Structures are given as C-alpha cells and as structure tokens.
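Novice: The structure that follows is given in the form of structure tokens.
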Amino acid sequence: MNRSAIVPVLALLASLPLGLAGCATNPATGKSNVVMSSMSGERERVRSMHEEIVRALGLYEDQAIQDYINELGQRVARVSHLPGEEYRFYVIDDPGMNAFTTGCCNVYVNRGLLVNLNSEAEIISVLGHEIGHITARHPARRQTRGVLASLGTVAATILTGSNAVGQLANLGAAAWVQGYGRDNEMEADRLGLEYSARAGYEPEAMQRTFEVFKAGERFERDRARLEGREPRIYHGIFSSHPTPDARVIQAAKGAANVTTEPAGGWRINREEYLQRIDGIAYGSSKAQGIVRDNRFYHADLGITMAFPRGWTVDNERSRLLAYTPNKDAIMQVIADARPEKQGPREFLLEKLRGNSLVGGEVVSSNGNDGYSVLTRGGSPLDNGAGPVRWTVIYHGKNAYVIAGASKASANGRPEADGLITSVAETLRSLKPSEFPLAEPYRLKMVKANAETQLASYVKDIPEDKYQRETLELINGLYPNKPLAPGQLFKTVQ
C-alpha cells in the first residue's frame with residue numbers, strides 16, 4: 001500500500017493526442033502501414049505518459065537493477081531496425097509477470113518477471129519482443145481510442161474507489177500489451193528473435209521464456225482444481241500466441257544473418273543474471289509494505305495493523321484487501337492525505353456524501369483519533385444492497401480509510417461488524433523492534449551440490465500453501481524437476 005499511488009490518471013487521457021491516421025513505412029518490414037501518429041508525435045506522447053506511469057505503477061527502488069536492465073535493453077536496441085532512437089528501459093515495482101511498451105522508445109518490465117526468469121538470454125527475449133513492437137510501429141498502428149477507453153476505465157475506478165488498484169496494476173497489459181493482437185504479437189516475437197540473434201544471445205531462450213509462463217498457467221490450473229474454483233489465467237505478454245517453433249527460430253537467425261552458432265557460442269549468461277538479481281525483492285517491496293503472519297508492516301508510513309487469522313491479505317499497490325476463505329467478509333484499507341483543517345468525522349462524512357448513513361461514533365486506535373459510521377448500501381457482496389462499515393483513523397500525515405462488509409444481520413449491520421471494527425483498532429505506530437519486519441523477502445542464490453534438495457529451502461517461502469511448487473516455479477523446475485549438482489538456484493529469505 002502506497003499513498004503516492006492513489007492519483008487520478010486523467011492527465012494520461014489529456015496526454016494522448018488523437019491525431020489523424022496516415023501511412024508510414026514500417027522500419028522493420030519496409031511495408032506501408034496505417035498509423036495513428038508520426039514518429040515525432042509518438043515520442044512526445046510517450047514522454048508525456050512516462051511520469052504518470054511512474055506515479056501510478058511505481059519504479060523499483062534499486063538503481064543497480066534499473067541500470068542492469070537498461071544496459072541489457074540497450075544491447076538489443078543497438079541492433080534493432082531503429083538503432084538511432086533514444087531507448088529507456090525501466091523496472092516497475094510490481095510482483096506480477098509482465099512487460100509492456102508505450103511506444104518509441106520506453107519499455108517497462110515488472111520486477112516479478114525478473115524474479116521468474118533464469119538467464120540474460122531469457123530477459124533479452126522479452127526486451128527484444130518489446131523493441132519489436134516499437135520498430136514495427138505497433139503502438140502507432142493500434143487504435144488510439146482503445147487506449148483512451150482503457151485509461152478512462154482506470155481513471156473512473158480510481159475516482160470512485162472501485163477496484164482501483166486491480167485496474168491500475170493491469171493498465172500496462174490492458175492498454176498496451178493485449179491491445180496489439182495476435183498477428184502483431186507474433187511479429188514482435190519474430191523481430192525479438194532476430195534482435196536476440198544479432199546481439200549474440202541464444203534465440204531458443206524465447207522458448208524457455210514461454211515455458212515459464214506456461215508452467216505458471218499449469219500450476220494455476222492444478223491449484224484451482226484442488227481448491228474447487230475457476231483458474232485465474234494470466235493474460236499479458238506471451239499469453240495470446242504459440243511458442244516459437246524451430247522453423248520460426250531458424251528463420252529469425254537467417255534474418256539476422258546468423259544461421260550458425262557464433263564461434264564463441266551463443267550467450268546465455270545464466271549465472272551472471274542470477275548473481276545480478278541476487279537480493280531482489282520477492283513479493284511485496286519495502287515501498288509497498290510487507291505482510292507477515294497476517295500483520296501488515298510499512299516502514300515509510302511507520303504503521304502496522306493486524307488482520308484475522310485465516311484471512312487472505314492481498315497487498316496491492318494502493319490498498320490492502322483482506323477477505324475470508326469463502327469471501328463472505330471483506331475489508332479494504334486505503335491511505336489518503338490527512339486534511340489540515342478537518343477532523344476525522346468531517347473528513348469521513350464528506351467522503352461518504354450522498355450515501356445513506358447510520359449512526360456514527362468517535363473511535364480511537366492506540367491513541368490515534370478516528371471516526372466510524374455505517375452506510376446502508378455499497379457492499380460488494382450482495383449487489384450493493386448490504387451495509388458497509390467505514391472507519392477513518394488519523395496517523396501522522398495520513399488518513400487511513402478502512403471499509404468492511406459481510407452478510408447483513410437482522411439489525412442491519414454486517415454480521416462481522418465487530419470483527420471489522422476490531423481490525424481498524426489494531427492500527428498503530430511501528431515499534432523500533434518491528435522495523436526489520438517491514439523489510440521485504442528477497443531472493444538469495446545458492447549453489448547446489450550432489451546432496452542438495454529443493455525441499456530443504458521451502459520453509460522461508462511466505463505463501464501459506466504450495467511453497468514447494470512456488471520455489472520450483474521461480475527456478476524453472478515445475479513440476480518436480482530435480483536440481484543439478486553445481487546449479488545456481490534461487491531461494492527466498
């Protein structure tokens with residue numbers, strides 16, 4: 001949870017000039033394509049969007065990692081069809097597996113993708129794919145109205161507080177990755193393979209990158225079957241088209257004028273990559289706050305709060321979302337700026353203006369002033385008809401807005417009203433001894449010997465279940481593949 005992420009993105013809408021469609025020569029294919037903007041117009045649009053993307057999604061606060069990914073990206077950009085453009089490569093502070101480009105010439109890679117890949121050649125295949133979108137002018141060729149619609153939805157959800165973070169976290173995938181379509185994605189694959197070969201990296205690594213995503217999809221299907229639910233299948237980079245086969249890879253080598261393996265061999269650089277990402281945050285980062293044993297810790301905000309045992313706590317970029325196993329009770333916590341001249345009561349009543357309110361009382365949480373009230377409707381559990389418990393707690397410069405809902409009881413309150421209220425009352429300042437608990441889990445590389453078993457390292461995986469499977473996934477070993485003696489592998493500490 002990060003208060004700086006709670007921002008309207010209407011400025012993004014204003015930064016997207018509609019322009020007039022015209023024809024331009026595709027620098028990657030030499031063909032004429034209908035585009036929505038000139039190259040100079042695309043550069044200006046990308047520059048104007050970058051600041052808002054950073055505010056909305058956040059950059060990972062590790063300059064060494066940022067520099068490393070930018071360095072790798074520049075290697076590929078130099079051998080692309082547009083080597084003279086000014087490329088920038090950024091790592092987004094998000095544990096999800098995704099990458100996207102907004103056009104010439106910015107590329108964004110999620111931190112979670114770095115965690116799940118296992119060599120320089122694999123991340124090069126991703127960067128080459130995104131550069132392929134740029135050189136083929138896919139961002140300029142796609143429908144600008146589609147971008148506007150996607151961003152408009154995000155803006156609306158932020159302004160109304162409705163699933164803002166879930167929409168925002170997928171902004172890149174929804175507006176820029178999925179929007180290119182299957183044919184354009186396959187064209188970007190082909191160009192990415194060509195650029196990888198030109199840069200001296202093993203093109204077959206793109207196959208392994210696809211396998212990383214497909215292993216994650218297989219695990220989700222297996223997990224959903226065990227839990228009796230529908231699988232939540234990833235829809236982003238590499239999800240909408242087939243894995244490149246040997247024929248496609250050989251054609252890419254031919255296009256790069258590298259039909260045989262270079263004298264020094266293809267670059268894979270597995271160990272170098274793992275050593276460079278050693279220590280990267282796993283799961284939530286320090287800037288987002290850390291959940292340990294259902295207690296949330298945030299060093300920068302200086303707070304902690306506890307959630308009931310057995311509840312799932314999702315730490316999204318600008319909110320905490322907690323819910324019961326069967327999702328019949330749910331809570332959301334959002335940090336807002338504390339107004340200088342409003343007390344908790346005035347602040348909350350203004351925020352809920354237009355809703356039907358019940359009661360209202362002054363509350364306190366560990367010496368922090370607050371106010372609590374019920375709304376007669378608004379619950380996400382029964383089509384908006386059920387009551388919601390709203391509480392605001394002032395702490396430092398922030399106002400923490402806590403909303404909770406469950407099935408309505410006979411007295412018109414949520415059945416879990418007492419529990420929801422008690423959670424709000426746990427919000428307090430971090431003790432000096434608790435600041436280490438606000439540090440993130442991190443990857444730690446270990447070299448296997450003949451006796452090493454991956455199962456010996458699952459205890460530190462923060463997930464409540466499927467620790468072994470999770471460790472297999474991030475090491476490219478799912479399902480049940482063994483470690484090789486001498487192999488460098490990832491653990492979580």
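Novice: How about the range 424-453: which of its residues are without any contact (Cβ under 8 Å) to a residue 40 or more places away in the chain and under 30 Å from residue 475 (Cβ atoms)?
Specialist: Passing the criteria: 436, 449, 450, 451, 452, 453.
Novice: Moving on. Among the residues in the range 344-359, are any of a type outside the set (Val, Ile, Thr) and within 29 Å of residue 437 (Cβ to Cβ)?
Specialist: Within the range 344-359 (the criterion being of a type outside the set (Val, Ile, Thr) and within 29 Å of residue 437 (Cβ to Cβ)), the answer is yes, since at least one residue qualifies.
Novice: All but one of (1) at pLDDT below 95; (2) surrounded by fewer than 24 Cβ atoms within 10 Å (Cβ to Cβ) hold for residue 101; which doesn't?
Specialist: Just one mismatch for residue 101, condition (2).
Novice: Related question: Among the residues that make up the range 380-391, is at least one of them assigned to a strand (DSSP E or B), farther than 26 Å from residue 301 by Cβ and among the hydrophobic types (A, V, I, L, M, F, W, C)?
Specialist: no
Novice: Out of (1) at pLDDT 90 or above; (2) touching a strand residue (DSSP E or B) at 6+ places or on another chain (Cβ under 8 Å), what's the single condition that is false for residue 23?
Specialist: Checking residue 23 against (1) at pLDDT 90 or above; (2) touching a strand residue (DSSP E or B) at 6+ places or on another chain (Cβ under 8 Å), the one that fails is (1).
Novice: Of the residues that make up the range 409-423, is at least one in contact with a helix residue (DSSP H, G or I) (Cβ under 8 Å, 6 or more places away or on another chain), part of a loop (DSSP other than H, G, I, E, B) and of a type in the set (Gly, Ala, Ser)? Working first, answer last.
Specialist: Of the residues in the range 409-423, the ones in contact with a helix residue (DSSP H, G or I) (Cβ under 8 Å, 6 or more places away or on another chain) are 409, 414.
From what's left, part of a loop (DSSP other than H, G, I, E, B): 409.
Restricting the remaining residues to those that are of a type in the set (Gly, Ala, Ser) gives 409.
Yes, the range 409-423 has at least one match.
For every residue, the table says whether it meets (1) modelled with pLDDT under 95; (2) more than 20 Å from residue 322 (Cα to Cα); (3) surrounded by 13 or more Cβ atoms within 10 Å (Cβ to Cβ); (4) not assigned by TED's automatic domain parsing to the domain that holds residue 304.
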| position | (1), (2), (3), (4) |
| --- | --- |
| 362 | no, yes, no, no |
| 377 | yes, no, yes, no |
| 384 | yes, no, no, no |
| 391 | no, no, yes, no |
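Novice: Another one. Residue check: is residue 109 modelled with pLDDT of 95 or more, outside any helix (DSSP H, G or I) and crowded, with 17+ Cβ neighbours inside 10 Å? Give the steps one after another, and end with the answer.
Specialist: On the way: modelled with pLDDT of 95 or more: yes; outside any helix (DSSP H, G or I): yes; crowded, with 17+ Cβ neighbours inside 10 Å: yes.
Yes, satisfied.
Novice: Which of (1) surrounded by fewer than 20 Cβ atoms within 10 Å (Cβ to Cβ); (2) part of a helix (DSSP H, G or I); (3) modelled with pLDDT under 90 is the odd one out, the single condition residue 162 does not satisfy?
Specialist: The failed condition is (2).
Novice: OK, next. Here is a check on your reading of the model: is residue 491 touching a residue at least 12 places away in the same chain (Cβ under 8 Å) and in a loop (DSSP other than H, G, I, E, B)?
Specialist: On the way: touching a residue at least 12 places away in the same chain (Cβ under 8 Å): yes; in a loop (DSSP other than H, G, I, E, B): no.
Judged against the criteria, residue 491 is not a match.
Novice: Being under 14 Å from the mean Cα position of the chain (by Cα), crowded, with 18+ Cβ neighbours inside 10 Å and within 19 Å of residue 404 (Cβ to Cβ) is the filter here, so list the residues in the range 280-321 that pass it.
Specialist: 315, 316, 318, 319
Novice: Further question on the same structure: Of the residues 60, 90, which is aromatic (Phe, Trp, Tyr), over 27 Å from residue 256 (Cβ atoms) and in the same structural domain as residue 267 (by TED's automatic domain parsing)? So that I can check it myself, show each step before the final result.
Specialist: Values: 90 fails: over 27 Å from residue 256 (Cβ atoms).
It is 60.
Novice: Take the residues in the range 326-356 that are of a type in the set (Gly, Ala, Ser) and outside any strand (DSSP E or B), then tell me which one is farthest from residue 230 (Cα to Cα).
Specialist: 343
Novice: When the residues of the range 81-98 are filtered to those that are touching a Gly at 6+ places or on another chain (Cβ under 8 Å) and buried (at least 18 other Cβ atoms within 10 Å of the Cβ), which remaining residue is nearest to residue 300 (Cα to Cα)?
Specialist: If we take residues in the range 81-98 being touching a Gly at 6+ places or on another chain (Cβ under 8 Å) and buried (at least 18 other Cβ atoms within 10 Å of the Cβ), then 93 is nearest to residue 300 (Cα to Cα).
Novice: If residue 216 satisfies every condition in (1) farther than 17 Å from residue 99 by Cα; (2) modelled with pLDDT of 50 or more but one, which is the exception?
Specialist: The failed condition is (1).
Novice: State which residue is surrounded by the fewest Cβ atoms within 10 Å (Cβ to Cβ) when the search covers only the range 67-80 and only residues that are touching a Leu at 6+ places or on another chain (Cβ under 7 Å) and of a type outside the set (Gly, Ala, Ser).
Specialist: 72
The values are calculated or read from the model by the stated rules, or taken from the named source; none is laboratory data. These figures come from a predicted structure and were not determined experimentally. Don't worry about glycine lacking a Cβ; one is built from the backbone with ideal geometry, like all the others, and counts go over all protein chains shown.
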